[in-house]
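Remarks on the structure that follows.
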Amino acid sequence: MTRLLLALLVPALSQAAIWPETLGAYHRSTASKPAIADSAVWDEYGLRESETATYENGAAKFTGTAWRLQDSTGALAAYDWQRSGKAEPSKIGALAVETADSLMLVHGNYLLLFAGYKPTTPELNPMIDSLRNVDTTSLPTLPGHFPGRDLVKASERYIIGPASLRKFNPGIPPSAAAFHLGAEAQFGIFQGPKGEMGLTLFSYPTPQIAIQQATSLGKIPGAEVKRSGPLVAVI
């Protein structure tokens with residue numbers, strides 16, 4: 001009876017929820033749940049499940065980690081946060097970066113990281129097609145309003161609530177940001193004449209709300225605030 005139970009349990013334990021059994025010439029050897037640090041931020045970004053898998057092809061080996069977020073906005077936010085400052089844009093996707101031996105990309109509400117190997121598009125497509133509960137809503141437009149000149153590479157962070165605001169720009173109190181009124185923000189670090197400075201660009205549902213919150217944000221000691229329509233910039 002014990003042997004029968006073990007025989008039933010082992011396949012169940014080795015079965016992956018996200019990663020396929022094969023990826024190109026590689027075969028999955030293990031699958032597990034990755035450690036999650038800053039769980040409050042992940043929860044705010046809408047993390048639904050995550051998984052790390054190890055793949056092997058003879059002596060060659062690599063790992064893949066996948067995070068499924070609630071929607072594409074959460075995936076964008078996680079991508080900005082998790083990508084390496086040493087990575088360069090990749091042609092494999094609109095939101096994708098790579099190093100010499102790694103690839104990170106966003107597909108809908110999924111963030112995928114390959115470490116130790118960069119799969120080709122033909123290798124990647126079957127896995128992409130196998131993903132479940134893919135969210136295809138449009139990405140937020142706020143990052144398109146963010147200036148690019150003098151922006152420190154990979155310093156952008158997408159902020160959608162108090163937890164990510166405390167993590168990436170604790171100088172602004174959540175009460176002044178007013179996320180309960182529908183605010184979202186893009187944060188980045190810029191190189192200025194006197195050194196680095198942080199810029200947070202808030203987006204509000206209406207110009208009227210932006211006017212109200214620009215007044216609150218302007219009361220932060222040392223802050224400079226400028227509003228344009230529903231957008232409020234804080235330095």
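Excluding residues on the same chain fewer than 8 positions from K167, give the lysines whose Cα lies under 20 Å from its Cα.
Counting by Cα, and skipping residues close in sequence, K167 has these lysines nearby: K153.
Kindly list the residues of segment 114-134 that lie in the label zone of D101, defined by a backbone N under 18 Å from the point 7 Å along the Cα-to-C-beta vector.
So the set is 114-120.
What's the longest bit of the chain with no exposed GluC sites (Glu not before Pro), using DSSP loop states and at most 14 other Cβ atoms within 10 Å as the test? The partial results should precede the final answer.
Details: sites that count: E21, E224.
With a cap of 14 other Cβ atoms within 10 Å, the longest stretch comes to 22-223.
Under a 10 Å cutoff between Cα atoms, tell me which one of A17, A77, A37 has the largest fluctuation in the Gaussian network model of the chain.
With Cα springs under 10 Å in the chain, the top fluctuation among A17, A77, A37 is at A37.
Non-local amide H neighbours of L23 (under 5 Å, H modeled in plane, Pro and chain starts lacking H): which ones?
Hits under the 5 Å cutoff: R28.
Which loop-located trypsin sites (Lys or Arg not before Pro) does segment 28-136 contain, where loop means any DSSP state but H, G, I, E or B and the Cβ has at most 10 other Cβ atoms within 10 Å? Mind showing how you got there, number by number?
Details: sites: R28, R48, K61, R68, R83, K86, K91, R132; in loops: R83, K86, K91, R132.
Qualifying residues, ordered by number: K91, R132.
I'm spelling it out carefully: the read-out is percent of Cα pairs over 29 Å apart, the candidates are [x] 37; [y] 28; [z] 23, and one was derived from this structure. Which label?
Identified label for the calculated read-out: [x].
What are the ³J(HN,Hα) values, in whole Hz, obtained from phi via the Karplus relation 6.51 cos²θ - 1.76 cosθ + 1.60 with θ = phi - 60°, for each residue of segment 19-33 in sequence order, with x given for Gly and Pro?
Whole-Hz 3J(HN,Hα) from phi for segment 19-33: 7, x, 5, 10, 9, x, 8, 9, 10, 5, 9, 9, 8, 8, 8.
Taking R0 as 22 Å, what FRET efficiency do you get between V134 and K91 from their Cβ-Cβ distance, rounded to the nearest 0.05? If you can, show how the numbers build up before the last one.
Numbers: r = 21 Å, r/R0 = 0.98.
The computed FRET efficiency comes out at 0.55.
Relative to a virtual label point 7 Å from the Cα of M197 in the Cα→beta-carbon direction, which members of segment 152-180 show backbone nitrogen distances below 15 Å?
152
Rounded to the nearest 500 deg cm²/dmol, what is the calculated helix-only ellipticity per residue at 222 nm for the chain, with -39500 (n - 2.57) per DSSP H run of length n ≥ 4?
Theoretical 222 nm ellipticity from helices: -7500 deg cm²/dmol.
Starting from the Cα gyration tensor of segment 61-151, take the square roots of the eigenvalues, sort them a ≥ b ≥ c, and report rounded, prolate or oblate (rounded when a/c is under 1.5, otherwise prolate if a/b is larger than b/c, else oblate). If you can, show how the numbers build up before the last one.
Details: a/c = 1.97, a/b = 1.18, b/c = 1.67.
Verdict is oblate for segment 61-151.
Can you tell me the accessible area per residue over the chain, all protein chains present, probe 1.4 angstrom, in square angstrom? Walk me through the intermediate numbers first.
Details: 12460 Å² over 235 residues.
Result: 53 Å² of accessible area for each residue.
Say we join alpha carbon atoms closer than 10 Å with springs in a Gaussian network model of the chain; which of Q70, Q82, Q186 then has the biggest fluctuation?
Maximum among the listed residues: Q82.
Computing the accessible area with a 1.4 Å probe over protein heavy atoms, can you report the carbon and sulfur percentage for the chain? Each step should come with its number before you reach the end.
Numbers: 6760 of 12460 Å².
Carbon plus sulfur share of accessible area: 54 percent.
Using alpha carbon centroids, what distance separates segment 152-202 and segment 49-79, in Å?
26
The values are calculated or read from the model by the stated rules, or taken from the named source; none is laboratory data. What you see is a predicted model, and the numbers here were worked out from it, not measured in a lab. Cβ coordinates were reconstructed from backbone atoms using ideal geometry, including for glycine residues, and neighbour counts include every protein chain displayed. In case anyone asks, the SASA skips ligands and DNA or RNA and just uses the protein heavy atoms, side chains included. Shrake-Rupley method; radii C 1.70, N 1.55, O 1.52, S 1.80 Å.
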